[in-house]
Amino acid sequence: MSGAHGGSGQGMTSVWLRAMPVVFVLIWSTGFIVAKFGLPYAPPLTFLVIRYVLSILCFLVWIQLSGAAWPTRRSQWWHLAATGLLMHAGYLSGVWVAVKAGMGSGLIALIVGLQPVLTALWVSQWVGQKITRLQWLGLTLGLGGLLLVVWRKLGVGTEVSGFTLAAAVFALLSITAGTLYQKNFVKANDVRTANVIQLSAALFLTLPLMLLETESIIWNAEFIGAMAWSVLVLTLGGSSLLYLLLQRGAAMAVTSLLYLVPPTTALMAWVLFGESITVATIVGTVLTALGVSLVVRASSAPAPKVT
């Protein structure tokens, strides 16, 4: 009987490990949707500060009940804090400020979805490999797809402006740097205590900036629902899955999942908000996904042997 139970348990674990990337993509895609739901009723940094505080409290209760271990080395606390500043404070602030200023969920997802391109190029340089023709082709296709989506929106309303693009690019650079930093410097720690350290660092940076916002919070069902989803699903679920995926796999393998986020987000935004999906949007998204996949494939391919 014990062998049967053991085989069943291993089978469930195997199924969960295979499902983790799919669940991560679905959860991560809802982050842009939640921003669209919650930001009409609160300024972006104020929303994030409340999210950080509630998330920390939830994790602390979880840690207390489970007896999760804290990192024993001081260096790991500093490394986790650095990733918190980049992957929470930097990335989320950039995304939420851009959405608050008028950028659509699909477009911000597409811009941030270029992360695998930056990661691939950085990894290629870091390991001393030259950028191949296939990588340059992928980079060109990715940027071409992005321009195809953005070009028709330049000068139309406020969705694409210097400010919203700067915020989106800041988010892109932050999540890219945070992912690479975590993979290279953060050791295997308990995901619950690691999240508390990361979120505390993000709170420390975001709280003073929040004081500059003057808009008041409108407490209604939409705001409360968006906050609950942000804390319980995005932070406790999505951030924890990203941490676990980075611990289990290479940075390139993990970030390659993110090029699946823009089309998923665009579909969600079309269903929920009626955001238009034009032929240019579809073609641009496909080109970007194809370009990113080419870069990722070329970066992960083994170097040819010298005979």
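Any read-out appearing in this document is the output of simple, stated calculations on the displayed coordinates, not a laboratory observation. Here the structure is a predicted model, which is why all the values come from computation and not from measurement. Heads up, the Cβs are rebuilt from the backbone with ideal geometry, glycines too, and the neighbour counts pull from every protein chain shown.
Things to note:
- Mean Cβ neighbour count within 10 Å, used as a protection proxy, ranking 58-70, 212-224 highest first: 58-70, 212-224
- Counting every pair of alpha carbons in region 22-300, the share spaced more than 35 Å apart comes to 15 percent.
- Based on C-alpha pairs under 8 angstrom that are at least 6 apart in sequence, region 22-300 has a relative contact order of 42 percent.
- Taking packing as the residue-averaged number of other Cβ atoms within 10 angstrom, the listed peptides 238-245, 266-273 run from highest to lowest as 238-245, 266-273.
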